[in-house]
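Reviewing the structure listed below.
The values are calculated or read from the model by the stated rules, or taken from the named source; none is laboratory data. All figures in this text were calculated on a predicted structure; none of them were measured in a lab. Cβ sites come from the backbone with ideal geometry, for glycine too, and all protein chains shown count toward neighbours.
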Amino acid sequence: MKIAVCVKQIPDPAEEGSLDDATKTLKREGKLILDDSDAYGVEMALQLADSAGGEVVLVSMAPNGETNGLRTALAMGAESAILVSDPALQGTDALGTAKVLAAALKTASPDLILTATESTDGYTGTVPEQIAELLEWPSVTFAKSITIDGDKVKVERQTEVGYDEVECPTPCVVSVTAGVVEPRYPSFKGIMAAKSKPLEEKTIADLGIDASQIGWEGARQEIVDVAEVPAREAGEVITDEGDAHEKIVDFLKEMKVV
Amino acid sequence: MSDYSPPVEDIVFVLRHIADLESLMELDGFSQLPMDEVEGILEEAGRFMVAEVLPTDRVGDTTGAKLQADSSVAMPDGFDKAYKELVKAGWGSITFDAEWGGGGLPGTLGMAISEMLTATNMAFSLCPLLTHGAINAIEAHGSEEQKSFWLPNLVSGKWSGTMNLTEPNAGSDVGALTAKAKPEADGTYKITGQKIFITYGEHELAENIIHLVLARVEGAPPGTKGISLFIVPKFLVNADGTLGEKNAVTCLSLEEKMGIHASPTCVMEYGNSDGGATGYLIGEENQGMAQMFTMMNSARLGVGNSGIAISERVYQKSLNYAKERLQGRRPETQKGDQSPIIEHPDVKRNLLYIKSQLEAMRCLVYYNSALVDLTRFGKTQEDRTSADERAGILTPLSKAWSTDVANEIASVGIQIHGGAGYIEETGIAQHYRDIRIAAIYEGTNGIQAADLVARKLPIRNGEAMEELLLEIEKDVKENKLDDLSEPINDALSATRASNKYLLECFSELKIDAALSGATPYLELLSKLVAGWLMAKSAEIARTENYPKEFAEEKSATAEFFCKQILPTATALAPAIMAGDEILNAGINV
């Protein structure tokens, strides 16, 4: 079983990011780290490979050849990585990203592709299904657990009220919900071993992708405006006149917590 | 948001320029690791400490370790998971020999990881620290068979280690100990006696605990010459490495301490009605004292490191608080508005007082650690000997000065927090309570000062010390240390005068006179060496292409240290050379 995990390297969310005035996109000049939401997919893949036998390959794209986040995932235990790196990728939108990743995934010929449900710095949440469509593979979203059963996967798919049990033939694309497994820490030995693991860099030309499909030129979405995050408003103070409990319940209902 | 972020940039700066980690990693004997990968490793280790260890710090302080009815010790919530994750991640074993499953890297890199571990939970960090000491002792003095039998599981952290020296009437005076060892026909010994203040003497974080115990074999000479060192495991270990029956080792009680509440400080009983606990002699009989010093030296440096760790934690906490706390009004602020207290000059002074000394102690301790690494694997015998001498001189400084200053820093940190600092809820008081012990254990700071004056200064009749002073003098002269050279030169002169006086005291057998000035002498020498390393740091940050803001900060901390802190030590010369008359006149015995 060969499992590919799509991972994104993003600016550290713990540090204050800034937007490029001209393009209104997030600046990504500094060091990039492994998107936290992808660590769950990596962990899930490693557990599957441990139990069913097999290997885990990472697939990622970045405009500037950054490998720091990929090294983290390799240190966790993935065997190898493919990084599509090309200056022409600057400005690529979700569909363009899916095209690049799909092409790179094809070269790895996996039996199963895992992704996060969405990235922490982009939040479009559309790339996994676009990849599946481009590969003409079935896809399952929001997995909370995956088991491999011969030539199909059984997935517990999270819903608002519980979970669905879904079966899907392989090869397929499954997106993994954040928080469903506890990602392992990269160990010291893992970090040392990661240095010598294969990390293959490819350009869009290597993948036979037409430059007009990607970057600013290929983007079919445009950021027309950005606005400051509204300041946090003061909370509502409820004075108890014998009915505070009802007001709290109403509030929680409004928040859809209960 | 967490109140500690690992100071990786500062740590890497000191590793690179003061400890010259790159050269250390090129020595035969150490594993190779390109310097540019060190930062990534430290970041990953730091991320681990913050995610897994830091959340256990407060609960450890409020809950503490608890002795159970069955003599086991229950650790606070989260400790078990944090320990197991630490073992899995392997951060405790990077400096040990690859032969035993370690990473083979210099101890100096281990200091950096240990600093972050200690900053996130000092009480927790003592378990790996004591294990480290036990490994060093077995590695240095154990037989090949003992090494391959005990070390792999200690190195991985699957088992932990302890040091058992102290008895009710044998604390600093180790030679007074009375625990007994009786030789058995099979070559093992039966150990009986009671030990106190045994850190992590009992717990279930690790599967087994390997106690290193000092005891007297029957008929051994009195005092330190009759002490032997034994391996006494909590569970006996079968020949195939599996755990066998429980040894006659029992935790009788836990001390209720001022700080490091989560670290179980045990009264341990070896043997009782059962004839004794099974122990295995390390090396030869009556060599225990020298063997124990192998553990003490690395442990002393480790305790010095805890001074850095807690100071860093206090600094970050105090800095954040000072930025947020609004109180008083700066003249330029509109009436009715309050200013964050960080804008008040006195609070700024307190913060810089912490920051500059924190950086200074990191320079000193990491430099000292690099010398210890050179002692092991220096290229020539000459390199190794001179590194050993200098490491010997600096170890008491690293231990005593760093922890004395850290105690003061913790106090200043509380001061910055004002009344809130005195309230446990802010969390700053915990560091003040935790770090207090560091000035006491592993040889009190007074003993460190006596060691410096009576054992280290007299090496080659003061020549080893003079070589250090000459190196500082040369550096000040040749490099552009700017106007920092004046306070350094002043301190150099005071140190030379003190050295001359102290050595004369010894040649005239006025031992008490020399020892009376030991503590101020240790402070003078510590601040001189630290001031020199700070001035060097500033010079390097200026000339080696560091970002402007970083270089300016290094200049500021170096200038503050050399101009405002170093002179307070230079002024100690009269106290160092006052002799013992005043003490005898003032204090009646």
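Could you grab me the full set of residues in segment B:19-40 that are within 10 Å of chain A (Cβ to nearest Cβ) and in contact (Cβ under 8 Å) with a residue 60 or more places away in the chain?
If the condition is that a residue be within 10 Å of chain A (Cβ to nearest Cβ) and in contact (Cβ under 8 Å) with a residue 60 or more places away in the chain, then B:Ser31, B:Leu33 are the ones that fit.
What residue, among those in segment B:199-209 that are farther than 16 Å from B:Ala248 by Cα and out of contact with any Lys or Arg (no Cβ under 9 Å at 6 or more places or on another chain), is surrounded by the most Cβ atoms within 10 Å (Cβ to Cβ)?
Filtering segment B:199-209 for residues that are farther than 16 Å from B:Ala248 by Cα and out of contact with any Lys or Arg (no Cβ under 9 Å at 6 or more places or on another chain), the one surrounded by the most Cβ atoms within 10 Å (Cβ to Cβ) comes out as B:Tyr200.
Where in segment B:107-174 are there helices (runs of 4 or more DSSP H), lying fully within it, with 1 or more residues that are without any contact (Cβ under 8 Å) to a residue 12 or more places away in the chain? Break it down into steps so the answer makes sense when it comes.
Working: elements: B:107-120, B:122-141, B:144-156.
Output list reads B:144-156.
Please verify whether B:Ser498 is at negative phi, assigned to a helix (DSSP H, G or I), over 27 Å from the mean Cα position of the chain (by Cα) and buried (at least 17 other Cβ atoms within 10 Å of the Cβ), treating the condition exactly as stated. Walk me through it before giving the result.
On the way: at negative phi: yes; assigned to a helix (DSSP H, G or I): yes; over 27 Å from the mean Cα position of the chain (by Cα): no; buried (at least 17 other Cβ atoms within 10 Å of the Cβ): yes.
The answer is no for B:Ser498.
Could you say whether any residue in segment A:196-210 is within 30 Å of B:Glu44 (Cβ to Cβ), touching a Lys or Arg at 6+ places or on another chain (Cβ under 8 Å), within 14 Å of chain B (Cβ to nearest Cβ) and assigned to a loop (DSSP other than H, G, I, E, B)?
So far as segment A:196-210 goes, no, none of its residues is within 30 Å of B:Glu44 (Cβ to Cβ), touching a Lys or Arg at 6+ places or on another chain (Cβ under 8 Å), within 14 Å of chain B (Cβ to nearest Cβ) and assigned to a loop (DSSP other than H, G, I, E, B).
Just give me the residues in segment B:314-342 being of a type in the set (D, E, K, R), surrounded by 16 or more Cβ atoms within 10 Å (Cβ to Cβ) and under 31 Å from the mean Cα position of the chain (by Cα), in sequence order.
Here is the first cut: in segment B:314-342, the residues of a type in the set (D, E, K, R) are B:317, B:323-325, B:329-330, B:332, B:335, B:337.
Keeping just the survivors that are surrounded by 16 or more Cβ atoms within 10 Å (Cβ to Cβ) gives B:317, B:325.
Matches in segment B:314-342: B:Lys317 only.
Anything in segment A:36-60 that is at pLDDT below 95, over 17 Å from A:Lys197 (Cα atoms) and more than 14 Å from every other protein chain (Cβ to nearest Cβ)? List them, or say none.
Correct list: A:Ser37, A:Asp50, A:Ser51, A:Ala52, A:Gly53.
So A:Ala98 clears everything in (1) without any contact (Cβ under 8 Å) to a residue 60 or more places away in the chain; (2) within 14 Å of chain B (Cβ to nearest Cβ); (3) in a helix (DSSP H, G or I) except one condition, right? Which one?
Looking at each condition in turn, A:Ala98 falls short on (2).
Across segment B:519-565, what is the total count of residues that are in contact with a Leu (Cβ under 7 Å, 6 or more places away or on another chain) and of a type in the set (Gly, Ala, Ser)?
Residues in segment B:519-565 being in contact with a Leu (Cβ under 7 Å, 6 or more places away or on another chain) and of a type in the set (Gly, Ala, Ser): 5 in total.
Just need a number here: residues in segment B:49-73 that are within 25 Å of B:Met268 (Cα to Cα) and without any contact (Cβ under 8 Å) to a residue 24 or more places away in the chain. So that I can check it myself, show each step before the final result.
Of all residues in segment B:49-73, those within 25 Å of B:Met268 (Cα to Cα) come to B:60-73.
Retained after the next criterion (residues that are without any contact (Cβ under 8 Å) to a residue 24 or more places away in the chain): B:68-70.
So the count comes out to 3.
Here is a list: B:Ala123, B:Ala119, B:Ala51. Which entry is farther than 15 Å from B:Val155 by Cα, among the hydrophobic types (A, V, I, L, M, F, W, C) and at the interface with chain A (Cβ under 10 Å from one of its Cβ atoms)?
Details: B:Ala123 fails: at the interface with chain A (Cβ under 10 Å from one of its Cβ atoms); B:Ala119 fails: at the interface with chain A (Cβ under 10 Å from one of its Cβ atoms).
None of the other options fit; the residue is B:Ala51.
Might you let me know whether segment B:126-135 holds any residue that is within 14 Å of chain A (Cβ to nearest Cβ) and crowded, with 22+ Cβ neighbours inside 10 Å? Before you say what the answer is, go through the steps one by one.
Narrowing segment B:126-135 to residues within 14 Å of chain A (Cβ to nearest Cβ): B:128.
Remaining after also requiring crowded, with 22+ Cβ neighbours inside 10 Å: B:128.
Yes, segment B:126-135 has at least one match.
As an exercise: evaluate B:Glu37 against (1) touching a Lys or Arg at 6+ places or on another chain (Cβ under 6 Å); (2) outside the structural domain of B:His203 (by TED's automatic domain parsing) and give the number of the one condition it does not meet.
Unmet condition: (1).
In this structure, does B:Asp274 turn out to be under 30 Å from B:Leu130 (Cβ atoms), assigned to a loop (DSSP other than H, G, I, E, B) and without any contact (Cβ under 8 Å) to a residue 40 or more places away in the chain?
On the way: under 30 Å from B:Leu130 (Cβ atoms): yes; assigned to a loop (DSSP other than H, G, I, E, B): yes; without any contact (Cβ under 8 Å) to a residue 40 or more places away in the chain: yes.
The answer is yes for B:Asp274.
Looking at B:Ser71 and the list (1) on the phi < 0 side of the Ramachandran plot; (2) more than 14 Å from chain A (Cβ to nearest Cβ); (3) not hydrophobic (A, V, I, L, M, F, W, C), which single condition is not satisfied?
The one condition B:Ser71 does not meet is (1).
Looking at segment A:76-94, is at least one residue within 14 Å of chain B (Cβ to nearest Cβ) and within 17 Å of the chain's Cα centre (by Cα)? Lay out the reasoning, then the answer.
Of all residues in segment A:76-94, those within 14 Å of chain B (Cβ to nearest Cβ) come to A:76-77.
Checking the rest, the ones that are also within 17 Å of the chain's Cα centre (by Cα) come to A:76.
Yes; the residues of segment A:76-94 include at least one that is within 14 Å of chain B (Cβ to nearest Cβ) and within 17 Å of the chain's Cα centre (by Cα).
Residues that are surrounded by 23 or more Cβ atoms within 10 Å (Cβ to Cβ), touching a Pro at 6+ places or on another chain (Cβ under 9 Å) and of a type in the set (Phe, Trp, Tyr): find the helices (runs of 4 or more DSSP H) completely inside segment B:374-441 holding 2 or more of those.
Those helices (runs of 4 or more DSSP H) do not exist here; none qualify.
Restricting attention to segment A:171-195, which residues are part of a loop (DSSP other than H, G, I, E, B) and within 14 Å of chain B (Cβ to nearest Cβ)? If you could, list the steps in order and put the result at the bottom.
So the first thing to find is which residues in segment A:171-195 are part of a loop (DSSP other than H, G, I, E, B), and the list is A:171, A:177-187, A:195.
Correct list: A:Glu182, A:Pro183, A:Arg184, A:Tyr185, A:Pro186, A:Ser187, A:Lys195.
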